[in-house]
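A.B. asks: Just passing along the structure, written as C-alpha cells.
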Amino acid sequence: VTIREGDGEPEVYTIVGPAEANPREGRISHESPLGRALLNHRAGDTVTVDAPDGSIVVQIIKVE
C-alpha cells in the first residue's frame with residue numbers, strides 16, 4: 001500500500017503478520033496502529049491513525 005501524510009513524500013508498505021513485520025524494510029504488521037487503520041480501505045480513502053505519539057491522517061494513494 002502506498003500512503004501519504006499531508007504534503008509529504010509517498011511511503012510504501014507491505015502489510016504482513018506480526019512475525020514477518022520489519023518496519024525498516026517497509027513491512028508492517030496488520031496488528032500495528034498503521035496496519036489496523038489501513039485494513040478494509042481503498043485508494044483515495046483518507047484514514048486517521050491512532051499512533052502512540054498522537055493521531056495522524058494519511059491518504060491511501062495505491063493498494064496492490
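The values are calculated or read from the model by the stated rules, or taken from the named source; none is laboratory data. Small disclaimer: the values here were computed from a predicted structure and weren't measured. We work out accessible area using only protein heavy atoms, side chains counted, and drop any ligands, DNA or RNA first. Shrake-Rupley method; radii C 1.70, N 1.55, O 1.52, S 1.80 Å.
A.B. asks: Going by the structure shown, is residue 9 over 11 Å from the mean Cα position of the chain (by Cα) and open to solvent by 50 Å² or more (accessible area, probe 1.4 Å)?
C.D. replies: Details: over 11 Å from the mean Cα position of the chain (by Cα): yes; open to solvent by 50 Å² or more (accessible area, probe 1.4 Å): yes.
Considered against the rule, which asks whether it is over 11 Å from the mean Cα position of the chain (by Cα) and open to solvent by 50 Å² or more (accessible area, probe 1.4 Å), residue 9 comes out as yes.
A.B. asks: Moving on to the next point. For residues that are open to solvent by 50 Å² or more (accessible area, probe 1.4 Å), part of a helix (DSSP H, G or I) and within 16 Å of residue 2 (Cα to Cα), tally how many sit in the range 12-64.
C.D. replies: Residues meeting the conditions: 4.
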